[in-house]
Amino acid sequence: MTSVERFAERYPFPLDDFQLRAIGALEAGESVLVAAATGSGKTVVAEYGIERALAGRRKAFYTTPLKALSNQKFGDFSTRWGARRVGLLTGDNSINGDAPVVVMTTEVLRNMLYESSDALEGLGLVVMDEVHYLQDPYRGAVWEEILIHLPLSVAVVCLSATVSNAEEFGEWLGALRGLTRVVIEERRPVPLENLYLVGPEFHAMHVPSQGHLVPNPYLASLDRREIRYRAYARAGDGRIQAQRVPRPREGHRRFYVPRREEVVRRLDEEGMLPAIYFVFSRAGCDASVRYLMEAGVRLTSREEADEIRAVADDRASWLPDEDLEALGFFELREALAAGVAAHHAGMLPVFKETVEQLFTEGLVRIVFATETLSLGINMPARTVVIEDLWKFSGEHHELLTPGEYTQLTGRAGRRGIDEIGYAVVLYQTQVPFERVAGLASTRTYELRSSFRPSYNMAVNLVRAYSLDEAHHLLNSSFAQFLADRSVVTLERELEHDRAALEGYRSQVTCDRGDFAEYWAFRERARAIREEPRRGQSRRTQEETTGALESLRAGDVIFLPGERRAGLAVVTGNHDGRPSMLTQDRRAFRLSTRDLDRPPVPVARIQLPRSGSARSARFRRDVAAQLVALRVHRPPARRQQLDQAAEARAVQLERKAARHPCHACPDRAQHERWAARASKLEHDIAGLERRIRSRTETLGRQFDRVLAVLTELGYVGRFSLTVKGERLRRIYAEGDIMAVEALAEGLFDGLTPSELAALVSTIVHESRERVPQRPDIPTPALRERVAALAQTWQRIRRVEDQHQVELCRELDAGFVPTVFAWAEGKSLEDVLETSGLAAGDFVRNCKQLLDLLRQIEAVADPAVASVARAAAGAVDRNVVAYSGVEVPEPSV
């Protein structure tokens, strides 16, 4: 029996062909990329690779993008290989880090590579789970950094969701790391049926037609006037608000859009539970649970309810009763006992894990979740419900992409349990059925790169490589690979255009003289006339950019154009792109492309003190103020005629009129070909600029980042200064702010609570579009927050000089909250005062702890001591919860 056969015997199901192909690649000594649907069994390939590494007395690292997913894999692997042989390294936990199999977050491995950690010795395999995360705009670069810096002697197993350009990604991996097998499995392990819910009835979205599946013609023919809409909004006392319904036309059937509790009852009647019901807001998830409880929905037996309560009590037993009361635990427990739960980032981690455990065990039957549940955690269901195909991106509402639809519905269908999985979409009032059906039938999910040089990456490159070597490594990234691939297409287009240009030029040969000379007079005259307009356009662009930066929350401006004409108010301004709200309640980010002249405030209004543009009430109140304004549109700026330029243009036109070619009887035909040639020359110049801009783009970005670091004293003659050595060990997003604050002594002489509060301004990012100005608790802290803001402005000025934008603006919104927490205030007091959700509070504290510990590692002894004390003051109670149960060592 071969090693593969022995390995396969451990599973209760026969291995699929794609699993065997990927395992065969590992047996042949190749790296492998596996792109397959959620729940298809990609981890089996990783487990074989780990066993192969262990058999060869080599280490194996398993990396994940999420701490929760790392914790889950740690538990699974400890059961499989024994607690002594498995370790865990995340920002929160360090368990058995010298074990032969270590589960870790990707950032931990990236830091090991930059530190040349001893833990890398003997490493034979790295598994990169959820590798499609590399397109994440904030963290995606970490995946590429690892793949670039990992020694070529280490085999790599990349596990990805199904992406449409997997071959392209695999080609890059092969060019970067040598032989790499790309294994793609598009077939789902459990077939998926897409259903459309209209009224109480489920309808298949697609029906067979001549051997193909086509959109259901019955659904496409539904008259919108037949649909009756029931209100989801409820009054403060929980009563459903009444809504008038138009009478149906004679002979027409009346449908309706059901409420969430009705949908759940229908799923239960049809045997389609357990289900994940996606609602794209936290408040909507929590409200849905409340609605079901008020409606008396119960999906569990008395015995199951008792078992659920016991699990919930056990999970939360370490929390004091007063905290449980403040966190709404007892309401959560009763909802869980009914088989109902919410799952979103605002929940306390221990509560989310309780939901995950109970849902996986089949005790919780319906989970209302935000789209974050579609990634990472293993929570398969029989059915996935999508209520609304529109979601708010933070700036505006946008329709789900086919890739996002695939991600959400990837949870439907449990392997080995369900013969079929269901994706249910509720009737969409704003989306034609053909588009809904198209989302369900399209499988495009293209993997793009978000790689760009950061300050920390730059100083680590300076420390380890020469300038040429650093450029070579950056040019090895997937981002540059994609850019270079596009250059190949542009080069082909350029070659075609140059050939066409020669043909055009051959058509303008004139027997009267040099037609190119004649045409040059004409073209020059036209360019002279256009130059003042272009100069005015450039000046207008510069003035517009400056005017955008000066706009402040509450300023009202007129918008030009057909799409967004009318009044709009500024609700916030970050990086010179103001957030706007229009009279018709539309939210968007304003840029120079939306304007034909600099915006001028024509009025100011008072924005509501609470809420943001995400809130319907906020949008309604602000729009009402805009409609009530009586202001006039600013007059348009008149163009000035450049008399000298006009005189030069007239002189050139006279020269052209005296030229022999002007009298040519075929002049009109020659001019048509010459105009085509001129346009093509302009297009060719544009293509050449695009090619130049895309070649070694990352190298040029790196040079600009390096210029900033040099001016700020981190790098000198391509070697690190003392500040540079500090910066290479700070991996947080606010890396350069933390080191500048250290260098300027802004952390000196503070209490632990003050230091925690001050450092929070670097890592915190408010969810509100227009954050409220917080009360700073102490005079010393107020002084340091102001000084840190000046430091940020100084860094931004240097960045602007070098066309770099990496240093995020400070946010003092978490200062009073974390100060009170570090001072020992109770969880109930802190949450009540701040208005934060428990999950947001814990997550903000965790991010703060990461940076405090990094500061402790690089600071002078006095500041390091205070940073250690600050971390200790923050890391208590619910914040200290790790979510990991350390297994007993196997004998």
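Computed over the alpha-carbon atoms, the stretch 147-212 gives an Rg to Rh ratio of 1.25, Rh here being the Kirkwood radius from the mean inverse distance.
At a probe radius of 1.4 angstrom, the accessible area of the chain per residue rounds to 48 square angstrom.
A P(r) calculated from all alpha carbon pairs of the chain, with 10 Å bins opening at zero, reads 2, 10, 17, 22, 22, 15, 8, 4, 2, 0, 0 percent. Sorting the segments 124-136, 738-750, 306-318, 170-182 by their residues' average number of neighbouring beta-carbon atoms within 10 angstrom, most packed first, yields 124-136, 738-750, 170-182, 306-318. The angle between the Cα long axis of helix 455-464 and the main principal axis of the chain comes to about 90°, on a 0 to 90 degree scale. When peptides 151-160, 810-819 are sorted by average Cβ neighbour count within 10 Å, with the highest value leading, the order is 810-819, 151-160. At a Förster radius of 30 Å, what calculated FRET efficiency corresponds to the Cβ-Cβ distance of GLU9 and LEU399, to the nearest 0.05? Working from the Cβ atoms, E equals 0.05.
Per residue, the average separation of C-alpha pairs within less than 8 Å and at least 6 apart gives the stretch 19-132 a relative contact order of 28 percent. Residue pairs exceeding 28 angstrom between C-alpha atoms, taken from LYS42/LYS352; LYS73/LYS391; LYS73/LYS723: LYS73/LYS391; LYS73/LYS723. Over all distinct Cα-Cα pairs of the stretch 48-134, the Kirkwood formula returns a hydrodynamic radius of 12.7 Å.
For the stretch 797-891, the alpha-carbon radius of gyration amounts to 1.39 times the rule-of-thumb value 2.2 N^0.38 Å expected for a compact globular protein. Note: relative contact order over the stretch 1-72, using C-alpha pairs below 8 Å and six or more positions apart, is 20 percent. For ALA780 and ARG853, the difference between the fully extended length at 0.36 nm per residue and the C-alpha to C-alpha distance is 24.0 nm.
Relative contact order of the chain, taken over Cα pairs closer than 8 Å and 6 or more residues apart, is 11 percent. Ignoring ligands, DNA and RNA, what percent of the 1.4 Å accessible area of the chain is carbon and sulfur? Carbon-and-sulfur percentage of accessible area, whole number: 48.
Coupling constants for the stretch 731-736 follow from the phi torsions by the Karplus curve (6.51 cos²θ - 1.76 cosθ + 1.60, θ = phi - 60°), and in residue order they are 9, 6, 4, x, 3, 6 Hz; glycine and proline get x.
Summarising the strand pairing of the chain, around 35 percent of its internal DSSP beta bridges are antiparallel.
The values are calculated or read from the model by the stated rules, or taken from the named source; none is laboratory data. Just so it is clear, the model here is predicted, and its values are computed rather than measured. Heads up, the Cβs are rebuilt from the backbone with ideal geometry, glycines too, and the neighbour counts pull from every protein chain shown. When the accessible area is computed, the model is the full protein with side chains, heavy atoms only, and any ligands, DNA or RNA have been set aside. Shrake-Rupley method; radii C 1.70, N 1.55, O 1.52, S 1.80 Å.
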